[in-house]
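**Student:** Quick one: the structure is below, questions incoming.
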Amino acid sequence: MSFISYFINGLSLGSVYAIIALGYTMVYGIAKMLNFAHGDVIMIGGYVVFTVVSTMGLGPVAGVLLAVILCTVLGVVIEGVAYRPLRMASPLAVLITAIGVSYLLQNIALLVFGSNPKSFTSVVTIPALKLAGGKLTISGETIVTIISCVIIMICLTTFIKKTKAGQAMLAVSEDKGAAQLMGINVDGTVALTFAIGSALAAIAGALLCSAYPTLTPYTGSMPGIKAFVAAVFGGIGSIPGALIGGLLLGIIENLSKAYISSQLSDAIVFGVLIVVLLVKPTGILGKKISEKV
């Protein structure tokens, strides 16, 4: 029973990683850049929910909706101000800018909210589920997180395959120049990608802080890095890969904490990534792309 409990909690944590990894993988797949400020958008989303629910006294649904709206706007602003002028710049310049935006968001949160940890009120009101005569307890946060991840995956896949904007994203990811010649607004498509990724980061922030109810300006840093690892693990640029990578990472981390060492769990996660990349450098579902010179 304890193994099943650890496994289900791993699925829950992996679902959060998967939701965050979707933002990384979409931005990389379409804009061919790594947005390392993505983890800090999670933290901003958490603080918005905290402010709305704990300070303003509104309901959790209002808090999550407001966090999604504000983080969506923040994502579009970051793309327009920090990344769009560097569209033709070297990958190193974009990477340094992303790290700079990350530190900027962290320090703004430090100035506004202070460095003291905040006690986060869970946005989940569903009671825990007791199975096997009370031997196995699944928390409401775990149930909502896993269901949310599945719904987001289905909606995102349907959006990309069935809508005009989704088809434009696929076209831009294949060839920006050709997409522009066919009349697709490349800047608008990339901005939409950032908007969707940031909205997902807000949802992930609310779910993460509900499961682990401590909020600081650095809350999003490690989950952001682990979600990036999950995206690489599953094959960066692949949406199903982000889901598989996130779930596997969460399960490996939780089982490592339970059966090996809580101190070594992070090292084991990164060690597994190294092994996977040595065996299959493109990740589990990544495709090898031939580049013409």
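**Student:** Tell me, yes or no, whether region 62-78 has at least one residue that is modelled with pLDDT under 90, part of a helix (DSSP H, G or I) and either open to solvent by 40 Å² or more (accessible area, probe 1.4 Å) or out of contact with any strand residue (DSSP E or B) (no Cβ under 7 Å at 6 or more places or on another chain) (or both).
**Tutor:** The first filter runs over region 62-78 and keeps only residues modelled with pLDDT under 90, leaving none.
Checking region 62-78: not a single residue is modelled with pLDDT under 90, part of a helix (DSSP H, G or I) and either open to solvent by 40 Å² or more (accessible area, probe 1.4 Å) or out of contact with any strand residue (DSSP E or B) (no Cβ under 7 Å at 6 or more places or on another chain) (or both).
**Student:** When you go through E174, E141 one by one, which is the residue that is modelled with pLDDT under 90 and open to solvent by less than 50 Å² (accessible area, probe 1.4 Å)? Steps first, answer last, please.
**Tutor:** On the way: E174 fails: open to solvent by less than 50 Å² (accessible area, probe 1.4 Å).
Matching residue, one of E174, E141: E141.
**Student:** Among residues belonging to region 12-32 that are touching a Ser or Thr at 6+ places or on another chain (Cβ under 9 Å) and of a type in the set (A, V, I, L, M, F, W, C), point out the one that is farthest from V172 (Cα to Cα).
**Tutor:** L13
**Student:** Scan region 216-225 for residues that are open to solvent by less than 10 Å² (accessible area, probe 1.4 Å) and either in a helix (DSSP H, G or I) or at pLDDT below 90 (or both) and jot them down. Before the answer, list the steps.
**Tutor:** Filtering region 216-225 down to residues open to solvent by less than 10 Å² (accessible area, probe 1.4 Å) leaves 217, 220, 224.
Result: G220, G224.
**Student:** Moving on. Scan region 170-194 residue by residue and report those that are outside any helix (DSSP H, G or I) and either closer than 19 Å to L66 by Cα or not acidic (D, E) (or both). Give the derivation first.
**Tutor:** Here is the first cut: in region 170-194, the ones outside any helix (DSSP H, G or I) are 175, 182-185.
Answer for region 170-194, where residues must be outside any helix (DSSP H, G or I) and either closer than 19 Å to L66 by Cα or not acidic (D, E) (or both): M182, G183, I184, N185.
**Student:** Taking region 273-282 only, how many residues are more than 20 Å from the chain's Cα centre (by Cα) and in contact (Cβ under 8 Å) with a residue 24 or more places away in the chain?
**Tutor:** Going residue by residue through region 273-282, those that are more than 20 Å from the chain's Cα centre (by Cα) are 274-281.
With in contact (Cβ under 8 Å) with a residue 24 or more places away in the chain added as a condition, the list becomes 276-277.
Qualifying residue count for the region: 2.
**Student:** Checking the structure you have, find out if any residue of region 195-205 is assigned to a helix (DSSP H, G or I), of a type outside the set (A, V, I, L, M) and within 17 Å of T142 (Cα to Cα).
**Tutor:** Initially, region 195-205 is screened for residues assigned to a helix (DSSP H, G or I), giving 195-205.
Filter once more, keeping what is of a type outside the set (A, V, I, L, M): 197-198, 205.
Checking which are within 17 Å of T142 (Cα to Cα) leaves us with 205.
Yes: region 195-205 contains one or more residues that are assigned to a helix (DSSP H, G or I), of a type outside the set (A, V, I, L, M) and within 17 Å of T142 (Cα to Cα).
**Student:** Mind listing whichever residues of region 84-102 are surrounded by 17 or more Cβ atoms within 10 Å (Cβ to Cβ) and touching a residue at least 60 places away in the same chain (Cβ under 8 Å)? Break it down stepwise before answering.
**Tutor:** Within region 84-102, the first condition is being surrounded by 17 or more Cβ atoms within 10 Å (Cβ to Cβ), and the residues that meet it are 94, 97-98, 101-102.
Passing the criteria: V94, A98, V101, S102.
**Student:** Only one residue in V94, V124, V144 is touching an Asp or Glu at 6+ places or on another chain (Cβ under 7 Å) and either of a type in the set (V, I, T) or part of a loop (DSSP other than H, G, I, E, B) (or both). Which one?
**Tutor:** It is V124.
**Student:** Can I ask one more? Considering only region 118-169, how many residues are among the small types (G, A, S), farther than 21 Å from V61 by Cα and out of contact with any Phe, Trp or Tyr (no Cβ under 9 Å at 6 or more places or on another chain)? Step through it out loud before you land on a result.
**Tutor:** Filtering region 118-169 for residues among the small types (G, A, S) gives 119, 122, 128, 132-134, 139-140, 148, 165-166, 168.
Those left that are additionally farther than 21 Å from V61 by Cα: 132-134, 165-166, 168.
Among the residues that remain, those that are also out of contact with any Phe, Trp or Tyr (no Cβ under 9 Å at 6 or more places or on another chain) are: 132-134, 168.
Counting residues in region 118-169 that are among the small types (G, A, S), farther than 21 Å from V61 by Cα and out of contact with any Phe, Trp or Tyr (no Cβ under 9 Å at 6 or more places or on another chain) gives 4.
The values are calculated or read from the model by the stated rules, or taken from the named source; none is laboratory data. Quantities reported herein were computed from a predicted structural model and do not represent experimental measurements. Using ideal geometry, Cβ is built from the backbone for each residue, glycine included, and neighbour counts are taken over all protein chains shown. These accessible areas exclude ligands, DNA and RNA; they are computed on the full protein's heavy atoms, side chains included. Shrake-Rupley method; radii C 1.70, N 1.55, O 1.52, S 1.80 Å.
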